[in-house]
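Engineer: Here's a structure for you.
The values are calculated or read from the model by the stated rules, or taken from the named source; none is laboratory data. Computed from a predicted model, the values in this text were never measured in an experiment. Heads up, the Cβs are rebuilt from the backbone with ideal geometry, glycines too, and the neighbour counts pull from every protein chain shown. Heads up: the accessible areas ignore ligands, DNA and RNA and are worked out on the full protein's heavy atoms, side chains in. Shrake-Rupley method; radii C 1.70, N 1.55, O 1.52, S 1.80 Å.
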Amino acid sequence: FFACLAVSPYMYYMYKKHPFYRWIHLDEDPDKKRRNIGFLLCIVLGVLVSVFLNNLFNMLSLSEVATGYTSVAESFYTGRLLFELLALGVVSPIAEELMFRGVMFGYLRRSFPKWMAFVFSSLLFGLIHMNLIQFLYAFIFGFLLCVVIEELDTVVASILMHGSANMISIITQEMGISTITGKIPVDVAVLLILALVSGLIFRYIIRDGNLPD
């Protein structure tokens, strides 16, 4: 929590200074309604993708082969709920998005082809998590976050998506909520519905991306 608080101002400075992306002043945006819709969809997309990936990994029983994940998960979910939501749902996403999407992806995007910037930044984002489950989750999710910031041209979008994903993970973990029933047809159907709705929202964001400023 305090590490993220300490690094965020510097990352914000580097993000604003960066020549590739520009900070969007929402009060000066002539099409604020469309951009706000994009932000709202990013929040919904973060929730859906998080639920989909967490339940997919649970269904595949990846925690049984990812030995380090259990101890990491226990350390994440041992505090008070409000502090977990603040630390992991607000402060951490701001710091990580400013660092990985706002700064790192921006530099890679300027120096390499688009697809390489997507892959390299997502790979680095996955590797810092140091275990198989979180690597896979962070790589896939990081790739989607790169597309979101590429399309909406502001780190606000990826912060909202990242924050909503973390918050729903905390809430479902603390309340013991899961869509996995143990009945394969039902679980597959739920995952397919989540994937379909996520895909439709993602397609809309891409189609309506690069909004005029």
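Engineer: Provide a single number: the residues in segment 106-128 that are assigned to a helix (DSSP H, G or I) and open to solvent by 10 Å² or more (accessible area, probe 1.4 Å).
Structural biologist: Of the residues in segment 106-128, 14 are assigned to a helix (DSSP H, G or I) and open to solvent by 10 Å² or more (accessible area, probe 1.4 Å).
Engineer: Quick one: is residue 45 modelled with pLDDT of 95 or more, out of contact with any Lys or Arg (no Cβ under 7 Å at 6 or more places or on another chain) and not aromatic (Phe, Trp, Tyr)?
Structural biologist: Criteria met by residue 45.
Engineer: I'm trying to understand the selection: among the residues of segment 48-77, which are open to solvent by 70 Å² or more (accessible area, probe 1.4 Å) and at pLDDT 70 or above?
Structural biologist: Across segment 48-77, the qualifying residues are 58, 60.
Engineer: Now, a different point. Could you please tell me which pairs satisfy a Cβ distance under 6 Å, a separation of 6+ or placement on different chains, a first residue in segment 1-13 that is surrounded by 15 or more Cβ atoms within 10 Å (Cβ to Cβ), and a second residue that is among the small types (Gly, Ala, Ser)?
Structural biologist: Pairs that qualify, where the first residue is surrounded by 15 or more Cβ atoms within 10 Å (Cβ to Cβ) and the partner is among the small types (Gly, Ala, Ser), are 1/87; 4/92; 4/95; 7/95; 8/95.
Engineer: Another question about this same structure. Which residues, counting only those in segment 172-183, are open to solvent by 60 Å² or more (accessible area, probe 1.4 Å) and in contact (Cβ under 8 Å) with a residue 24 or more places away in the chain?
Structural biologist: 173, 174, 178
Engineer: Looking at (1) assigned to a helix (DSSP H, G or I); (2) open to solvent by 40 Å² or more (accessible area, probe 1.4 Å); (3) farther than 16 Å from residue 46 by Cβ, which one does residue 103 not meet, given that it meets all the others?
Structural biologist: Every condition holds for residue 103 apart from (2).
Engineer: Just to be sure, is residue 159 open to solvent by less than 40 Å² (accessible area, probe 1.4 Å), touching a Pro at 6+ places or on another chain (Cβ under 7 Å) and part of a helix (DSSP H, G or I)?
Structural biologist: Answer is yes for this residue.
Engineer: Given the residues 118, 202, which is the only one that is under 24 Å from residue 58 (Cα atoms) and touching a residue at least 24 places away in the same chain (Cβ under 8 Å)?
Structural biologist: Answer to the check: 202.
Engineer: Further question on the same structure: When you scan segment 129-139, do you find a residue that is touching a Pro at 6+ places or on another chain (Cβ under 8 Å), open to solvent by 20 Å² or more (accessible area, probe 1.4 Å) and part of a helix (DSSP H, G or I), even just one?
Structural biologist: Checked segment 129-139: no residue is touching a Pro at 6+ places or on another chain (Cβ under 8 Å), open to solvent by 20 Å² or more (accessible area, probe 1.4 Å) and part of a helix (DSSP H, G or I).
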